[in-house]
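In what follows, a single structure is set out as structure tokens and then discussed.
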Amino acid sequence: MKKLVISLGGSVMVPEKIDVPFLSGFRKLLIKHAKKGKKFFIIAGGGKTCRDYQKAAKKITKLTKTDLDWIGIHATRFNAEFLKHIFKGYAYEKTIENPTKRTVTKKKIVIGCGWKPGCSTDKDAVLIAKTHKIKTILNVTNIDYIYDKDPVKHRNAKPIKTTGWKDFLSLIGNKWEPGAKYPFDPVASRLAQKLKLRVVVLNGKNLKNLDNFLSGKPFKGSVIE
């Protein structure tokens with residue numbers, strides 16, 4: 001994999017507060033692999049920051065899904081701008097907002113964010129992959145695997161290490177809501193299935209495991225294809 005799209009969950013970046021140790025390690029790891037010739041397109045999610053603003057707004061007044069989407073989009077844009085600066089010197093100088101527009105740069109790291117209502121950052125990652133003819137998306141999240149049910153609510157939840165798109169979609173359903181939590185959202189999943197993409201879901205906090213994946217070694221995580 002010379003080129004890789006990374007969907008970086010906002011809740012990995014900012015679970016409660018900014019996770020400086022993780023981001024520092026993540027930066028060093030990607031720079032190491034970039035120096036070896038890899039190119040990364042990183043799409044920043046909104047995570048808890050996004051959901052906190054959306055929840056607060058709904059308590060104050062009645063909002064449409066489009067309104068809530070715009071709140072989420074701007075949360076991702078802030079996170080992307082933050083990432084762009086911590087990768088200064090290695091990252092392309094512009095934040096990519098339109099994933100359907102090809103980005104031409106010699107920089108090894110390109111940072112993107114939310115685009116428009118009805119289009120999650122997972123879907124943005126799929127569109128980036130389509131635009132740049134990349135076949136693998138890495139979804140960096142805060143869970144070790146995809147599970148057959150919510151592992152937070154169900155202690156007997158079983159990990160799913162490999163699955164096909166049809167089975168995955170039957171697991172998560174077809175409805176997408178702004179701010180909802182999915183291993184990979186339904187709209188993005190249907191498009192990824194159509195494009196025959198491979199999505200890898202793993203826990204970004206385990207940087208050694210992430211390094212294993214980037215190095216082509218055995219890793220802990222789930223693969224959808």
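The values are calculated or read from the model by the stated rules, or taken from the named source; none is laboratory data. In this text the structure is predicted, and so the values were computed from the model without any measurement. Cβ sites come from the backbone with ideal geometry, for glycine too, and all protein chains shown count toward neighbours. Areas reflect the complete protein model, heavy atoms only, side chains present, ligands, DNA and RNA absent. Shrake-Rupley method; radii C 1.70, N 1.55, O 1.52, S 1.80 Å.
Tabulated data for the structure shown
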{"item": "Residue in segment 47-59 that is at positive phi and buried (at least 16 other Cβ atoms within 10 Å of the Cβ) present", "result": "yes"}
{"item": "In segment 180-211, the residues that are surrounded by fewer than 18 Cβ atoms within 10 Å (Cβ to Cβ), basic (K, R) and outside any helix (DSSP H, G or I)", "result": "K181, K196, R198"}
{"item": "Criterion violated by T76 - all others in (1) hydroxyl-bearing (S, T, Y); (2) open to solvent by 20 Å² or more (accessible area, probe 1.4 Å); (3) touching a helix residue (DSSP H, G or I) at 6+ places or on another chain (Cβ under 8 Å) satisfied", "result": "(2)"}
{"item": "Scan of segment 143-165 for residues that are open to solvent by less than 20 Å² (accessible area, probe 1.4 Å) and out of contact with any Phe, Trp or Tyr (no Cβ under 8 Å at 6 or more places or on another chain), ordered by number", "result": "W165"}
{"item": "Contacts under 7 angstrom Cβ, first residue in segment 1-30 being at pLDDT below 95 and aliphatic (A, V, I, L, M), partner open to solvent by 50 Å² or more (accessible area, probe 1.4 Å) and part of a loop (DSSP other than H, G, I, E, B), 6 or more apart", "result": "V12/N142; V12/K205"}
{"item": "Tabulated pairs, segment 111-128, first over 15 Å from I42 (Cβ atoms), second open to solvent by 30 Å² or more (accessible area, probe 1.4 Å), C-beta under 6 angstrom, 6+ apart or interchain", "result": "P117/T66; K123/V187"}
{"item": "Residue match in segment 103-110 (condition: more than 19 Å from G37 (Cα to Cα), surrounded by fewer than 19 Cβ atoms within 10 Å (Cβ to Cβ) and free of Cβ contacts under 8 Å to residues at least 40 places away in the same chain)", "result": "no"}
{"item": "Test: residue in segment 85-97 that is over 19 Å from N142 (Cα atoms), open to solvent by less than 40 Å² (accessible area, probe 1.4 Å) and hydroxyl-bearing (S, T, Y)", "result": "yes"}
{"item": "Some residue of segment 132-142 being open to solvent by 60 Å² or more (accessible area, probe 1.4 Å) and touching a His at 6+ places or on another chain (Cβ under 9 Å)", "result": "no"}
{"item": "Index of the failed condition, N174 passing every other in (1) free of Cβ contacts under 8 Å to residues at least 40 places away in the same chain; (2) over 30 Å from K101 (Cα atoms); (3) not in a helix (DSSP H, G or I)", "result": "(2)"}
{"item": "Failed condition for P218, given (1) surrounded by fewer than 18 Cβ atoms within 10 Å (Cβ to Cβ); (2) touching a residue at least 12 places away in the same chain (Cβ under 8 Å)", "result": "(2)"}
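Rundown of residues vs (1) open to solvent by 10 Å² or more (accessible area, probe 1.4 Å); (2) under 19 Å from Y182 (Cβ atoms); (3) of a type in the set (F, W, Y), yes/no style:
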site	(1), (2), (3)
H33	no, no, no
K38	yes, no, no
I43	no, yes, no
T61	yes, no, no
A80	no, no, no
